[in-house]
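The values are calculated or read from the model by the stated rules, or taken from the named source; none is laboratory data. Predicted model only: the values in this text are computed from it and were never measured. Positions of Cβ are backbone-derived with ideal geometry, glycine not excepted, and every protein chain shown enters the neighbour counts. Ligands, DNA and RNA are excluded from the accessible area calculation, which covers all protein heavy atoms including side chains. Shrake-Rupley method; radii C 1.70, N 1.55, O 1.52, S 1.80 Å.
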Amino acid sequence: MADADTIREFVIAAHGDFEKVKTILADNEDVLDVAHEWRAAQTETALQAAAHTGGREIAEYLLAKGAKPNTVVYAMLGDAKHFFLMLAKDQKNIYEMGAHDLSLMYHAAIGGNIDIIEQIFMVCDPSELGNGIIAAVTFGNANAVKWFVANRAPLQTKDFRGRTPLMIAVEQESDEIVTVLKQAIGESNLEACANCGALGMKYLANVKGSLMGVHIKQFDCKNCGAVMAVEQGGQSQAN
């Protein structure tokens, strides 16, 4: 059995380092489905890591090597065939959660398959639409973004960095998604840059410090570069 350090290294690699995943697995075949425990009741396998980061190539590689499949990975892959086979095997799989308590809807939004998204929508809590649109924007799935907008996803939802869907789209220069979101929000509700007057062009330009502790976030205008807001967050640890 691989030691705890190797398991941790493997799971971390599965967040985006494909070559390292292959190297570790070649020398440690038994690490494939072993979960690393980040803290009490917070575990993550390599396949779960690939799923919530949109790591299609890594996920497909792990599945080919025999990793135990689950609904979250098929939702991320947009693989309707295997997703619905998992549901046919056990309808309770529709309630499966991924690593870090990320919902099945979050993973489906990464994959962008509307059939999968709509199936989850039939049973999910409406609050999951906010996380869904965040994922759809982050991973550039314009059709999924349009679906979430049409189904009244909350457009002021913020990710862990404090960014709304529009801020993420502006930051990534996803023009189609920016246009969709601006139209949904409405011109009268878009924040204007005091320097150039551009509407809805605010994005998170810089973070000083750790988002897990005391930090300062600077939001700039993508159009002219002027600072639009500076926010301080987090609390210092008591001595």
**Request:** For the stretch 2-14, just list the computed ³J(HN,Hα) in residue order, Karplus coefficients 6.51, -1.76 and 1.60, θ = phi - 60°, integers in Hz, with x standing in for Gly and Pro.
**Result:** 4, 7, 4, 5, 5, 4, 4, 4, 5, 5, 4, 4, 5
**Fill in**
For Asp33, other-chain or 5+-apart residues with amide H closer than 5 Å (H placed, Pro excluded) are none
**Fill in**
At R0 = 35 Å the Cβ-Cβ FRET efficiency linking Ala194 and Asp125, nearest 0.05, sits at 0.35
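For His15, His36, give the ranking by accessible area with the largest first, probe 1.4 Å. Working shown, then result.
On the way: His15 70, His36 30 Å².
The ranking, largest first, comes out as His15, His36.
From the gyration tensor of the Cα coordinates in the stretch 39-186, what semi-axes in whole Å does the equivalent ellipsoid have, largest first, with each one equal to sqrt(5λ)? All intermediate terms of the calculation are to be shown ahead of the outcome.
Details: eigenvalues 131, 51, 41 Å².
Largest first, the stretch 39-186 gives 26, 16, 14 Å.
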**Request:** Compute the distribution of all C-alpha to C-alpha distances in the stretch 82-141, in bins of 10 Å from 0, and list the percent of pairs in each, rounded to whole numbers.
**Result:** 23, 60, 17, 0
**Asked** With point charges of +1 on the Cβ of Lys and Arg and -1 on the Cβ of Asp and Glu, referenced to the Cα centre of the chain, which listed residue (Tyr95, Gly197, Ala35) lies farthest in the positive direction of the dipole?
**Response** Gly197
**Request:** On each of the three principal axes of the Cα atoms of the stretch 11-63, give max minus min coordinate, whole Å, ordered largest first.
**Result:** 29, 24, 16
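Express the C-alpha Rg of the stretch 152-239 as a ratio against the empirical globular expectation 2.2 N^0.38 Å, rounded to two decimals. It would help to have the intermediate numbers written out before the result.
Details: Rg = 14.1 Å, N = 88, 2.2 N^0.38 = 12.1 Å.
Dividing the Cα radius of gyration by 2.2 N^0.38 Å gives 1.17.
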**Complete:** Once phi for every residue in the stretch 27-34 is put through the Karplus expression 6.51 cos²θ - 1.76 cosθ + 1.60 (θ = phi - 60°), the whole-Hz ³J(HN,Hα) values, with Gly and Pro written as x, are 9, 9, 4, 6, 8, 3, 10, 7
**Solitary cysteines of the chain, where the nearest other Cys Cβ is not under 4.7 Å** = Cys124
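Can you tell me, using C-alpha contacts under 8 Å and at least 6 residues apart, the relative contact order of the stretch 27-170 as a whole percent? Working shown, then result.
On the way: 207 pairs, mean separation 24.5, N = 144.
Once normalised by length, the contact order is 17 percent.
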**Prompt:** Under the classification rounded if a/c is under 1.5, otherwise prolate if a/b is larger than b/c and oblate if not, where does the stretch 124-173 fall, given a ≥ b ≥ c as square roots of the Cα gyration tensor eigenvalues?
**Reply:** oblate
**Request:** Enumerate the amide H contacts of Ala205 below 5 Å, restricted to partners 5 or more residues apart or on another chain; note that Pro and chain-start residues carry no placed amide H.
**Result:** Gln218, Phe219, Asp220
**Message:** What are the ³J(HN,Hα) couplings of the stretch 53-60, residue after residue, when phi is run through the Karplus curve with 6.51, -1.76, 1.60 and θ = phi - 60°? Round to Hz, x for glycine and proline.
**Reply:** 9, x, x, 4, 4, 5, 4, 5
